[in-house]
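No value in this document is a laboratory result; all are computed from the given coordinates. Fair warning: this is a prediction, and the values are worked out from it, not measured in the lab. Backbone-built Cβ (ideal geometry, glycine too); neighbour counts: all protein chains shown.
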Amino acid sequence: MRDTVSGPDREPERVPVTLPQFDTEEEARDFWERHDSAPYWDQMEDVTNSPPADMAVGPGRAGSRARKRPPPGQMDLISLRLPAEMIDAVKAIAVVRHIPYQTLMRSWIGERLAQEQAREEPTP
């Protein structure tokens, strides 16, 4: 056991040195509601590149309708001046959608470009 202090003027809390094993999800939820994850960080499994199989499909995953980023070397870097209010509005929308604001802007430009190109195609 090691001591951790959770706040000012508080008694140190005794926490296990190793991450406990839980028999149920409720036990795990109860434990994490009362404990900080910092003392156990080095013992946790890295699941960054191996999401659970039952994880819902989202942007960037198989089956997503999101516009995919082209392979490296097929994109050009540009500089574009936009009003600060416009960028702030795009950032706010991107936060709600859980994507980077640059990705959202690139997607919007691509969607509009596809609309314009479809409008210019001659009808048979």
* Packing-wise, with mean Cβ within 10 Å as the measure, how do 80-89, 102-111 rank, highest first? -> 102-111, 80-89
* **Extended-chain gain in nm, criterion 0.36 nm per residue less alpha-carbon gap, Val90 and Ser37** => 15.8 nm
* To do: Could you calculate the FRET efficiency of Ile99 with Asp46 from 1/(1 + (r/R0)^6), where r is the beta carbon distance between them and R0 is 30 Å, rounded to 0.05?
  => 0.85
